[in-house]
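The values are calculated or read from the model by the stated rules, or taken from the named source; none is laboratory data. Since we're looking at a predicted model, the values are computed, not measured. Note that each Cβ is placed from the backbone with ideal geometry, even for glycine, and that neighbours are counted across all protein chains shown.
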Amino acid sequence: MVILLFLVLQVASSAMDYRQIGGYVYEGEHRFVDNVWNFISQFDDGVNPWEAASGKNWSRDQYYYCEDFQFLSAHQYRVDAEDFAYYSGHGSPYSIGMRPGESVWLPDAPGYGDLPNGGDLEFIVFQSCAVIPAPPDRADWWSNWWESGGKHIFQGLHQACGYRTNSWSGNSVSTLFGQYVKIGQPVWQAWFHAVQTQRCWHGGGVYPGYACAVMYPPNENDSIYYYSADSPMDAHWLRIYWEE
Amino acid sequence: MKHRIFQISLLAITALLILGLAPRWGSAQGGGGPEVKWAADIKIPSAQDLGVQKLIAKPLAQKDFVALSNKIVNRVESNANLRKAVNLKVTKSFTNRLAWVDNVDPSNFITQDSNSGDLLFQNQLRRYVGMAKVQVPTQQEAMNKTMKFLEDVNLLPLDFKTNAKLVHAGGLFGQDFQDGVAGEKSQKLVILNYGRELNGIAVQGPGSKLIAQLGDQGQIVSIERKWNSIAPTLGGSVKMYIPTPEPPAKGQLGSAPGTSQLPGTAKEIERRGGILERRTIDTGMLKLRTEYLTDSEVKNQINKDILSDWNTANFVEVNSIDLVYYDRAGNFIQPAYAVALTIHWGEDTLNFLYHVAALRNPPESIYEVVQSTNPLIQQSALPLTSAQLERAGAFD
């Protein structure tokens, strides 16, 4: 039985569609290094049964300290060359830090996932504070995911996950998220579960904060093994889920 | 030649002096690290009445996991896919996790961490994606349904009725934005967050949690159980954590009474024999008066943590230090300090909470230990700079 399973996995691996995971770390505090590593280290070159069944083999690929060009001018060689990007660092609404004093304003980023322009990204996760505001935080939550000066990141990108409030590092969110994603949970739902299980309420504060995810609606059931077609580059439809 | 030796010596002495006098980055003495501002009225509460409680992780064997899965599936409402999927084989591989996932709809699944026993069950979440209206239950209805479900499938933790507290009742919400128009906000689920409280003190950390999500008319959509049993039960005979001095090495003096190190794991305690004892005490907790950090040690630890973790900040305020229990979803509940900070970078601020173990030698570390050597640190070629990318032709 074991030999049979081994053979099946071997045959399956020869016909695999390889998918890449990239990790991007704010250069400052070591907890961000751990956060990203705890996620990407869940994925190696081996083939698990879900990968064998789906034909998609996920493994970690890039692992860099942040530079703005990774998200902007050279995105097609960095985050957008991957299928799944995981960032951890300091954030604020629509903005992610690279290192002290340097950040990327995401509305300045080109479209992610736009295959005609060399983009490939399907999923991006921001383990950082407040990058994805929700209606309780900002009524026009869509404004900066939408066409801003002709740019918006959802041009093939399926889902963006993060926090709508402060986050909290140095815990197991990224480990658990990696494990849940790996057993085939839809990506944003795995993120919400991972964040929920680490949360505590103390002195009127919520640690870590509340999860949030923006997506192109036809992609909302996507797991890393089974996902629907990319959003069209001129899609005018976004959906947000949030906790409160 | 002598002149040259003198010159080199002078250079070396000067360098040593500069190095010795230069403020060190992250120095608690106010060098290059952030200034730490302590709230004037801050007090460090005594942890002397709090002890360590051993937890029992009860991961299920594969056949028991299948039985539990069947039981859950037979209990949940009208989920043909989930029922059908019972016949799928359970997979135990890679992440030390038993997982049972519906191939047709992966939002139907049951999974358990094979080490900790943590369990997550989810049913028909796919039904709630999209913006269709949902008749969510009231908080009380949701609580009643959750309790009944936990009892029906034997997932109610042993001390849940005595020690669980509803910490937060919230929800999952959604909204669309299409062709320039925002749709209505829609509540999809009610989310109940239960936490553990021992003798009126909150247990924080990733363990001691039970989270229930309920949907249309109170349908159980998910149960996440990270709640290991206290050994064996509260209020009865409890296993106590008794420190005993390490036997002195040959030719060395033994350590003074009360200064012994706590052994690292329950297994070690048992291996060494006679250390894990069974006694009855009122609180269910062990008191180890000599093993707690002093006030100055707590402050020193917080200063050290701030300088290590927030070294890019301009200044850090320590707002409060509260006594809590901590469960890292491991083998123990232990006393800890919840430290609330506000970190300042220019005009940016961040409120942050973290925990410091109250015991000098805690039975397990508070935070998850990264198990692998981090390759980022080892790969000197990383990160690529813009110039390197240009040389590599990345901008062609």
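Among the residues of the stretch B:349-364, at least one is at pLDDT 80 or above, within 23 Å of A:His90 (Cβ to Cβ) and among the polar types (S, T, N, Q). Residues of the stretch A:121-152 that are closer than 25 Å to A:Arg19 by Cα and either of a type in the set (Gly, Ala, Ser) or within 13 Å of the chain's Cα centre (by Cα) (or both): A:Leu121, A:Glu122, A:Phe123, A:Ile124, A:Val125, A:Phe126, A:Gln127, A:Ser128.
Looking at the stretch A:221-244, which of its residues are touching a Phe, Trp or Tyr at 6+ places or on another chain (Cβ under 7 Å), closer than 23 Å to B:Ala132 by Cβ, facing chain B (nearest Cβ under 9 Å) and of a type outside the set (A, V, I, L, M)? I'd like the intermediate steps shown before the answer.
Going through the stretch A:221-244, the residues touching a Phe, Trp or Tyr at 6+ places or on another chain (Cβ under 7 Å) turn out to be A:224-225, A:231, A:235, A:237-238, A:240-244.
Cutting the leftovers down to closer than 23 Å to B:Ala132 by Cβ gives us A:231, A:235, A:237-238, A:240-244.
In the following step, the residues that additionally are facing chain B (nearest Cβ under 9 Å) were identified as A:237-238, A:240-244.
Within the stretch A:221-244, A:Trp237, A:Tyr241, A:Trp242, A:Glu243, A:Glu244 qualify.
Among the residues examined, A:Ala85 qualifies as in contact (Cβ under 8 Å) with a residue 60 or more places away in the chain and under 14 Å from the mean Cα position of the chain (by Cα). Here B:Thr244 fulfils each of the conditions (1) in the same structural domain as B:Val101 (by TED's automatic domain parsing); (2) farther than 30 Å from B:Ile110 by Cβ; (3) modelled with pLDDT under 95 apart from (1).
Identification of strands (runs of 3 or more DSSP E) wholly contained in the stretch A:146-212 with 1 or more residues that are at the interface with another protein chain (Cβ under 7 Å from one of its Cβ atoms), surrounded by fewer than 24 Cβ atoms within 10 Å (Cβ to Cβ) and touching a His at 6+ places or on another chain (Cβ under 6 Å) yields A:200-202. If you filter the stretch A:32-52 down to residues that are more than 7 Å from chain B (Cβ to nearest Cβ), at pLDDT 80 or above and in a helix (DSSP H, G or I), you find that the one that is surrounded by the fewest Cβ atoms within 10 Å (Cβ to Cβ) is A:Ala52. Would you confirm whether or not the stretch B:127-137 contains a residue that is farther than 23 Å from B:Asp327 by Cβ, among the hydroxyl-bearing types (Ser, Thr, Tyr) and within 14 Å of chain A (Cβ to nearest Cβ)? Yes - at least one qualifying residue is present in the stretch B:127-137.
For the stretch B:164-183, the criterion of being surrounded by 16 or more Cβ atoms within 10 Å (Cβ to Cβ), more than 14 Å from every other protein chain (Cβ to nearest Cβ) and in contact (Cβ under 8 Å) with a residue 40 or more places away in the chain is satisfied by at least one residue.
One residue alone among B:Leu156, B:Leu214 is in contact (Cβ under 8 Å) with a residue 40 or more places away in the chain and either more than 14 Å from chain A (Cβ to nearest Cβ) or surrounded by 19 or more Cβ atoms within 10 Å (Cβ to Cβ) (or both), and that residue is B:Leu214.
Residue-level check: of (1) farther than 23 Å from B:Gln139 by Cβ; (2) within 9 Å of another protein chain (Cβ to nearest Cβ); (3) small (Gly, Ala, Ser), B:Ser229 misses just (2).
Within the stretch B:122-155, if we keep just the residues that are at pLDDT below 90 and over 16 Å from B:Val190 (Cα atoms), the residue that is nearest to the chain's Cα centre (by Cα) turns out to be B:Leu155.
Looking at B:Asn193, is it assigned to a loop (DSSP other than H, G, I, E, B), polar (S, T, N, Q), under 26 Å from the mean Cα position of the chain (by Cα) and closer than 20 Å to B:Asn228 by Cα? So B:Asn193 does not fit the description; no.
Here's the yes/no breakdown for (1) more than 19 Å from A:Trp145 (Cβ to Cβ); (2) crowded, with 19+ Cβ neighbours inside 10 Å; (3) in contact with a strand residue (DSSP E or B) (Cβ under 6 Å, 6 or more places away or on another chain):
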{"site": "A:Asn57", "(1), (2), (3)": "yes, yes, yes"}
{"site": "A:Phe69", "(1), (2), (3)": "yes, yes, no"}
{"site": "A:Ala85", "(1), (2), (3)": "no, yes, yes"}
{"site": "A:Asp108", "(1), (2), (3)": "no, no, no"}
{"site": "A:Leu115", "(1), (2), (3)": "yes, no, no"}
{"site": "A:Ile124", "(1), (2), (3)": "no, yes, yes"}
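Looking only at residues in the stretch A:213-244 that are assigned to a loop (DSSP other than H, G, I, E, B) and in contact with a Ser or Thr (Cβ under 8 Å, 6 or more places away or on another chain), the one that is surrounded by the fewest Cβ atoms within 10 Å (Cβ to Cβ) is A:Tyr226.
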